[in-house]
Amino acid sequence: MKNHTSFKIGGEASFVVLPESTDEIISAVNCAREYDYPVFVIGNGSNLLVDGKGLFGVVIKLGANFSGISVNGETIEAYSGAYLSKIANEAQKNSLGGFEFASGIPGTLGGAVKMNAGAYGGEMKDVVIKTVYLDKNLNLCEKTGGEQMFAYRTSAFCDDDIIIKSYIKLNRKNADEIRAEMLDLNARRKEKQPLNYPSAGSTFKRPEGYFAAKLIDDCGLRGKSIGGAHVSDKHCGFIVNYDNASFDDVINLIDFVKKTVYEKTGVMLCEEVKILKNKD
């Protein structure tokens with residue numbers, strides 16, 4: 001699984017399936033259930049920390065194999081495996097503004113919708129008007145508008161729901177202006193984030209009224225390491241795989257940071273990174 005995550009951490013999975021249609025997703029889930037295998041659905045693994053012991057179960061990967069994008073007027077229909085950067089590029093080509101904020105987020109649409117991903121003042125809630133998904137009973141359902149219940153790093157879609165596709169409503173804008181804004185945001189991201197080391201992006205959610213990175217820095221944790229895991233010197237909100245870090249290295253550093261920040265500030269940090277492991 002280390003080859004399927006941006007953290008470059010994770011042991012072997014029993015099976016990895018790359019479905020190309022909704023019917024193939026349903027077949028894979030039904031087959032896994034028939035043999036009592038747990039099912040794990042991932043995109044490109046940019047927000048995942050996977051157990052070094054591996055995953056006993058079926059990993060359904062919705063990436064390039066499930067990534068169709070089409071434009072109809074000011075609406076983009078995109079499948080859950082589509083990279084946010086590719087959706088942003090398609091919007092720019094069609095002079096559609098409003099998705100620039102997502103152009104540098106290194107994830108796919110499905111995960112972004114589930115967690116209401118955002119950056120630089122924009123979030124999925126601002127642009128996603130409808131989402132089609134499979135519920136836990138593999139019924140094809142949809143939620144529109146407020147039914148999606150987008151809030152900070154959360155939505156109405158639960159872990160058992162499998163996002164199939166979403167509809168993104170944008171607005172007409174000069175293509176050159178869109179491109180300029182995307183280039184500016186990506187330059188700012190490169191300047192401020194430790195993109196030269198494997199990570200899963202921001203490790204912690206922003207606590208209400210605070211900034212996780214500032215709390216971590218104020219507690220003297222900038223550069224703190226456990227094994228090969230390291231609190232980034234460049235951006236304290238990132239824990240990076242600095243030197244062949246193990247799953248346990250990262251987990252122990254996350255726990256240490258949470259404990260220290262709570263003891264010194266009374267604020268309990270919550271993980272934004274999704275931890276994937278078999279139930280004990």
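The values are calculated or read from the model by the stated rules, or taken from the named source; none is laboratory data. Nothing here was measured: the structure is a model prediction, and the numbers come from that model. When we count neighbours, we look across all protein chains shown, and the Cβ atoms used for this are built from the backbone with ideal geometry, even at glycine.
Checking A229, A200 one by one, the residue that is under 28 Å from V41 (Cα atoms) and touching a helix residue (DSSP H, G or I) at 6+ places or on another chain (Cβ under 7 Å) is A229 and no other. N94 fulfils the conditions (1) touching a Ser or Thr at 6+ places or on another chain (Cβ under 7 Å); (2) closer than 30 Å to D176 by Cα; (3) at pLDDT 95 or above except for a single criterion, (1).
Within segment 90-119, the residues that satisfy the criterion of being part of a helix (DSSP H, G or I) and touching a strand residue (DSSP E or B) at 6+ places or on another chain (Cβ under 9 Å) are E90, A91, K93, E100, F101, A102, L109, G110, G111, A112, V113, K114. In contact with a strand residue (DSSP E or B) (Cβ under 8 Å, 6 or more places away or on another chain), under 30 Å from N3 (Cα atoms) and among the hydroxyl-bearing types (S, T, Y), is that true of S155? When the stated conditions are applied, S155 does not pass them. So Q148 ticks every box in (1) polar (S, T, N, Q); (2) farther than 29 Å from K192 by Cβ; (3) exposed (fewer than 12 other Cβ atoms within 10 Å of the Cβ) but one. Which box is left unticked? Condition not satisfied by Q148: (3). For segment 69-86, a residue qualifies if it is under 25 Å from N47 (Cα atoms), in contact (Cβ under 8 Å) with a residue 40 or more places away in the chain and either part of a loop (DSSP other than H, G, I, E, B) or not hydrophobic (A, V, I, L, M, F, W, C) (or both), and the qualifying residues are E77, Y79, S80. Here are the criteria: (1) surrounded by fewer than 21 Cβ atoms within 10 Å (Cβ to Cβ); (2) at pLDDT 95 or above. Tell me which single one F99 does not satisfy. It fails just one condition, (1).
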